[in-house]
Structure formats: structure tokens, C-alpha cells
1. So, L152, is that one at pLDDT 95 or above and either under 21 Å from Y39 (Cβ atoms) or surrounded by fewer than 19 Cβ atoms within 10 Å (Cβ to Cβ) (or both) or not?
2. Just to be sure I understand, how many residues within region 199-251 are more than 17 Å from G140 (Cα to Cα), in contact (Cβ under 8 Å) with a residue 12 or more places away in the chain, in a loop (DSSP other than H, G, I, E, B) and among the aliphatic types (A, V, I, L, M)?
3. Name every residue in region 39-95 that is small (G, A, S), in contact with a Pro (Cβ under 7 Å, 6 or more places away or on another chain) and in a loop (DSSP other than H, G, I, E, B), in order of residue number.
4. State whether the residues of region 227-245 include one that is surrounded by 11 or more Cβ atoms within 10 Å (Cβ to Cβ), of a type in the set (A, V, I, L, M, F, W, C), under 16 Å from G150 (Cα atoms) and touching a helix residue (DSSP H, G or I) at 6+ places or on another chain (Cβ under 6 Å).
5. Report the residue count in region 96-116 for those that are of a type in the set (S, T, N, Q) and outside any loop (DSSP other than H, G, I, E, B).
6. For region 1-33, give me the residue count where each residue is open to solvent by less than 100 Å² (accessible area, probe 1.4 Å) and under 16 Å from N73 (Cα atoms).
7. Would you confirm whether or not region 90-103 contains a residue that is among the basic types (K, R) and modelled with pLDDT of 95 or more?
8. Out of all the residues in region 171-213, which are crowded, with 19+ Cβ neighbours inside 10 Å and among the hydrophobic types (A, V, I, L, M, F, W, C)?
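The values are calculated or read from the model by the stated rules, or taken from the named source; none is laboratory data. Bear in mind the structure is a predicted one, so any value in this text is a computation, not a measurement. Neighbour counts are summed over all protein chains in view; Cβ atoms, including those assigned to glycine, are modelled from backbone coordinates with ideal geometry. We work out accessible area using only protein heavy atoms, side chains counted, and drop any ligands, DNA or RNA first. Shrake-Rupley method; radii C 1.70, N 1.55, O 1.52, S 1.80 Å.
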Amino acid sequence: MVALLYAGWLWLDWDTPTNGGRRSQWMRRWSVWEHFRDYFPLTLLKTVDLDPKKNYIFGFHPHGVLVAGAFGNFCTEATGFSHLFPGLKPHLLMLPFWFRVPFFREYIMCGGLVSSSKSSLSYLVSRPEGGNVAVVAVGGAPEALDARPGALTLQVQNRKGFIKLALKHGAQLVPVFSFGENELFDQIENPTGSPLRRLQNRLQSIMGIAMPLFHARGVFQYSFGLIPYRKPIRTIVGKPIPVVQTPSPSSEDIESLHKVYLQNLAELFEQHKRSYGLADDQHLAFI
């Protein structure tokens, strides 16, 4: 009976993850998230105020293994998002696969997670009242397979879908860089062309999700385990890039805005890297 009732609920609620989700401020304010924040620790910093009457697409970089910084900053109130950006509601986009998992889908939606489908992103940034923030981990699952300490290579050169939707709906683009995101886990070596990487790519093409073989520390020892290392994560929200609404953007429009976005992302990194222990000769690489 319970299974039948839940199946009926799924049928009625199937489109919710693509229609803004179902967030719970009560859950976002659980005290457990404060312990999550303090473990690393995790910090959210803004560079400018954002107008709550507009909609935004936050491009989050790097993806990391588990997007821990994006979850802590945008799916909980542990780092004070609502205080830093009053009037804005963040929504972290996640692969549609996870919203097909019974019960787990209810849990993740409470934090503000929504489907990463085009229709879901369009729904958020087309709201005329404004106030929505769609957080997109631009590098996606493929970037997770290269997430390891010291990595500064971002898979963004061919990621232009979010640029097109920003133009189509007039949403402001905001680059976000999370220093320390790649320092949380080690990963078994999987260079391009290796048998392991070919297997991971194959699984990703079938399932749509990355399968990085990562490891870090244990509960009572630091040599091996699946608990992330205690490394600071500093997430910097950059300045918005003004976007003029273009209902039918041309390829030239998309390319032009994409170049501006990459330039702003690189500048954001360069402005803050010294504050977080990176050397002058360390720079982002876009592939």
C-alpha cells in the first residue's frame, strides 16, 4: 500500500524538480550544516551586492569530486547566503538521474536542488519577478574525473548551453570560484586514454554520472578513507556580467558572451589567488 501511494505521489510530483523544486528553509537551517561548514571550514564571500529583482546564473568552478562547496554554500544557510544576498533564492542544479531515486529526491529538493535539464534552468531564470539564482557546476561530471589536489584545469571551452540560456532569458551571469574545492580528495590516477578512464567515460555515457575513484582520510586516522580532508574552502562570488535579453541568440552572440565570461572568471581567480596560498605563476587553464 505504501509503495502504491508513493508511486502515485511520484506521478503527481514528477515535474517538480524542473519547476523550481520544493525548498525547505527549516531544513536549510539545520544545525548539522554548521558542523559541516566548520569541518573544512567553508566560507562564502561576495564581491558586490546583487539586485534581487533580477535573475542570475552562477557558474560554479571547479566541480571537484562532490561539489562540496556548492552544496554547503547554496543548499544550506550555514555560510549565510540569505544574509549576504537578501531577496535571492539559490538553486543548485543536479543531474536529473538523482530525482528519479525514491525518497532521496524529496531530501535533495528540500535544500534547493533542482534538475539540471534545460527546461529547469529556463524555468528559474525566466521568472518575471526575479530573485532566482541558478547555480551551475559548469565543468559537470567530466571535470570530476580530473579533480585532485592542485588541479586548475576547467572544462569550460565547449560549455555554452548556460550562456545561450542566459541570453535567451536576459539572466545575469556571475562567475564563482571555489578555492580549495579540488583539495578535498585524492583520486586514483586515470589519465586520458588509460583503461580506467575509458571505463569511467563509458559508464558516464551510459548513466550520465561520473564515477571517480577517490579517497581521503578515515574517521580515526588520516592515511586512507572516504571522508574529505580538512582543507579550507573559500567560495568567491564575482561581479555580474550584464546580459541583454536576446530571444534567439546567434552563434556569434553566444561566442562573444562566452569569451567575456571566461575573461571575468580568470580575472576573479587572479584577483584572489594570492590570498589563498597560490603562487603568482599558477593560472587557470580552460579546455
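1. Details: at pLDDT 95 or above: yes; either under 21 Å from Y39 (Cβ atoms) or surrounded by fewer than 19 Cβ atoms within 10 Å (Cβ to Cβ) (or both): yes.
So L152 passes the test.
2. Residues in region 199-251 being more than 17 Å from G140 (Cα to Cα), in contact (Cβ under 8 Å) with a residue 12 or more places away in the chain, in a loop (DSSP other than H, G, I, E, B) and among the aliphatic types (A, V, I, L, M): 4 in total.
3. Of the residues in region 39-95, the ones small (G, A, S) are 59, 64, 68-70, 72, 78, 80, 82, 87.
Filter again for in contact with a Pro (Cβ under 7 Å, 6 or more places away or on another chain), leaving 59, 68, 87.
G87, the sole residue that qualifies.
4. There is at least one residue in region 227-245 that is surrounded by 11 or more Cβ atoms within 10 Å (Cβ to Cβ), of a type in the set (A, V, I, L, M, F, W, C), under 16 Å from G150 (Cα atoms) and touching a helix residue (DSSP H, G or I) at 6+ places or on another chain (Cβ under 6 Å).
5. Result for region 96-116: 1.
6. First, the residues of region 1-33 that are open to solvent by less than 100 Å² (accessible area, probe 1.4 Å): 3, 6-8, 10, 13, 15-25, 27-28, 30-33.
Those left that are additionally under 16 Å from N73 (Cα atoms): 23-25, 27-28, 30-33.
Matching residues across region 1-33 total 9.
7. Narrowing region 90-103 to residues among the basic types (K, R): 100.
The next check asks that each one be modelled with pLDDT of 95 or more; those that pass are none.
For region 90-103, residues among the basic types (K, R) and modelled with pLDDT of 95 or more: absent.
8. Within region 171-213, A171, L173, V174, V176, F177, F179, L184, F185, A210 meet the criteria.
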